[in-house]
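Comments concern the structure below.
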Amino acid sequence: MPRTVRDFRADSETSLTMLTAYDAPTAAIADRAGIDALLVGDSVGNASLGYDSTLPVTVEEIANRTGAVSRATEEVLVIADLPFLSFGVEEAESVRNAGRMIKEAGANAVKIESSSHTVSLTERLAELGVPVMAHLGLTPQRVNELGYAQQGSSEEAAERIAELARAHERAGAFALVLEHVPEDLARKVTDELSIPTIGIGAGSGTDGQVLVVNDVVGLSERQPPFAEAFGDVRGEMEEAIGTFADRVSEGAFPAEEDSSEADVDEDAAL
Ligand code: KIV
């Protein structure tokens, strides 16, 4: 069955689940776990590529990883993030970059860190059949302007976010991420919009929740205060890699049962 953004809807019983993913094995595990959407976020910059912000991430890096995530999954909706300055400079270039995620990398939709300048782009992409997830509140591509502080905390700032949310819904966005905003603002926007809202650091009033996978599995060295680790992958990896290093250096691996003699019959058959 094709995955479509139309199926991405919360009901009164269940919240939507979204997680970031940057590689095939993680994506396959998340797909089997029943996650509704995987976001190939530009958070790959901090989470996997060793950058200290998302700004250096390229279209190539996102396309490459989106390919891995879509090849490894069957059910989950795959959303590719558009990296810093890959959209919003020239419309034609923005459309080509977004289209590439669908055409070449196999994404079902793109996410765009939104503001007033992305309303018309959202409309154009929706018209062309490229579904757009908008993203408001803390938008990390604006780190040099906003830092990582909560957004929408004054009445005026909250109204600006609510108005931008309405404008992106009118422009055809199929969903909206609200990052690090006060809970009452997220709840108000969720009540006003008919498209689903996905919160991160936005309280419990949204239609769904998203977190960075490294934070969820306990792989991150540091994580934002609103994230939670539901596992200890860092601890498990430290133990496994440390044990491997010890066993090899003390000559205990490979043991006799891990080695094999040449198979003379097979060599002859070749
Ligand atoms: O890049 C990302 O991972 C994101 C989510 C945290 C929403 O934008």
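The values are calculated or read from the model by the stated rules, or taken from the named source; none is laboratory data. These figures come from a predicted structure and were not determined experimentally. Positions of Cβ are generated from backbone atoms using ideal geometry, with glycine treated the same way; all protein chains shown enter the neighbour counts. Note: accessible area is taken over every heavy atom of the protein model, side chains too, but ligands, DNA and RNA are not part of it. Shrake-Rupley method; radii C 1.70, N 1.55, O 1.52, S 1.80 Å.
Within the stretch 158-262, which GluC sites (Glu not before Pro) sit in a loop by DSSP and count at most 11 neighbouring Cβ atoms inside 10 Å? Can you show the working numbers first?
On the way: sites: Glu159, Glu163, Glu169, Glu179, Glu183, Glu192, Glu221, Glu228, Glu236, Glu238, Glu239, Glu250, Glu256, Glu257, Glu261; in loops: Glu221, Glu228, Glu250, Glu261.
Taking the stretch 158-262 and a limit of 11 other Cβ atoms within 10 Å, the loop GluC sites (Glu not before Pro) found are Glu221, Glu228, Glu250, Glu261.
If r is the Cβ-Cβ distance from Glu250 to Glu228 and R0 is 35 Å, what FRET efficiency results, to the nearest 0.05?
Numbers: r = 38 Å, r/R0 = 1.09.
The calculated FRET efficiency here is 0.40.
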Original post:
In whole Å, what are the Cα extents of the stretch 5-232 along the three principal axes, biggest one first?
Top reply: 43, 42, 37
Subject >> Percent carbon-and-sulfur accessible area, the chain, ignoring ligands, DNA and RNA, probe 1.4 Å >> reply: 49
Original post:
Using modelled backbone amide H atoms (1.01 Å from N, in-plane), which distant-in-sequence or interchain residues come within less than 5 Å of Gly218's amide H?
Top reply: Phe230, Gly231, Val233
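Is the stretch 125-200 rounded, prolate or oblate when judged by the Cα gyration tensor, a ≥ b ≥ c being the square roots of its eigenvalues, rounded requiring a/c under 1.5 and prolate requiring a/b larger than b/c? Please list the in-between numbers first.
Details: a/c = 2.06, a/b = 1.38, b/c = 1.49.
Oblate, since a/c reaches 1.5 and b/c is not below a/b.
Eigenvalues of the Cα gyration tensor times 5, then square-rooted: what semi-axes does that give for the stretch 23-64, in whole angstrom, largest first? List each step's numbers first, then the result.
Details: eigenvalues 97, 20, 15 Å².
Output for the stretch 23-64: semi-axes of 22, 10, 9 Å.
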Original post:
Given 20 °C and 1.002 mPa s, how large is the Stokes-Einstein diffusion coefficient of the stretch 1-133 in µm²/s, with Rh as the Kirkwood radius over Cα pairs?
Top reply: 144
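Quote to one decimal, in nm, the extra length available between Glu90 and Leu146 on full extension: 0.36 nm per residue of separation minus the C-alpha distance between them. If you can, show how the numbers build up before the last one.
Values: separation 56, 0.36 × 56 = 20.16 nm, distance 2.38 nm.
Gain in length upon complete extension: 17.8 nm.
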**OP:** Let me know the Rg and Dmax you get for the stretch 1-44 when you use only its Cα atoms, in Å.
**Re:** 11.4, 32
Original post:
With every protein chain present, what is the per residue accessible area of the stretch 1-157 (1.4 Å probe, Å²)?
Top reply: 49
Subject >> Tail fraction, Cα-Cα pairs, the stretch 100-256, threshold 25 Å, whole percent >> reply: 44
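Would you please name the trypsin sites (Lys or Arg not before Pro) within the stretch 35-124 that are DSSP coil residues with at most 13 other C-beta atoms within 10 Å of their C-beta? Before the final figure, lay out each step's value.
Numbers: sites: Arg65, Arg71, Arg96, Arg100, Lys103, Lys111, Arg124; in loops: none.
Answer by residue number: there is no such site.
Rounded to the nearest 500, what is the chain's calculated 222 nm mean residue ellipticity when only DSSP H runs of at least 4 contribute -39500 (n - 2.57) each, over all residues? Please list the in-between numbers first.
On the way: 11 runs with 108 residues, N = 270.
That comes out to -11500 deg cm²/dmol.
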Subject >> Top of Thr14, Thr26, Thr197 by mean-square fluctuation, Gaussian network on the chain, Cα under 10 Å >> reply: Thr14
